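Data first, discussion second: the structure below is written as structure tokens.
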Amino acid sequence: MKVVAYSFSFVLLFLLSSCSLLLSDAERQVLGQWKQVTLVSKNYMEFGADHSVTNYIQVNIPMGGKALMVARGSWSLENEELRIQYKGTPEIATEGSAKTIEKAIELIAPELNMEALEDQEVSFSCTGQKNDKLQLDGVGWKPASSSEIQEMEQFRKEHSKKTEL
């Protein structure tokens, strides 16, 4: 019985690790956790070897509080075009009232509502890494740490709301 369990564990581990072996050199440069930080926002993208992607956009609201939009989906890289296909409607997590949520939507995507963001596809020009930064549309994204991603997930879990705007 133990031999079967160990064999199954080994096969499962091998299959999971082989995902990254099937990636091109250009795709391996995209893998990982990346961030772009400004005075009012933090944007994190996490690219998995299984072609999953999670995008966290956290905005500091001038009136106080924070809002976080989390979108999940899949990614692909063809030539130098990085395509992201988000699945479903992004999740909103916020500190504060519904006004804070509305203000966050105005800052993140003023011309859109949440339904318009459902199943959205975006693309970037991706020229790989330069000076340890992922180059997307000519902008360098710095490596992010696992603790930064965990902080976003913790905020999402503590403040997530299903809200109709």
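The values are calculated or read from the model by the stated rules, or taken from the named source; none is laboratory data. Computed from a prediction, not measured in an experiment: that's the story for all the values here. Positions of Cβ are generated from backbone atoms using ideal geometry, with glycine treated the same way; all protein chains shown enter the neighbour counts.
Listing for the model above:
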{"quantity": "Matching residues, the range 22-73, being within 12 Å of the chain's Cα centre (by Cα), polar (S, T, N, Q) and crowded, with 16+ Cβ neighbours inside 10 Å", "calculated": "Q33, Q36, N43, T54, N55, Q58"}
{"quantity": "Strands (runs of 3 or more DSSP E) contained in the range 51-165 and holding at least 1 residues under 24 Å from Q29 (Cα atoms) and at pLDDT 90 or above", "calculated": "52-60, 66-78, 81-86, 121-130, 133-136, 139-143"}
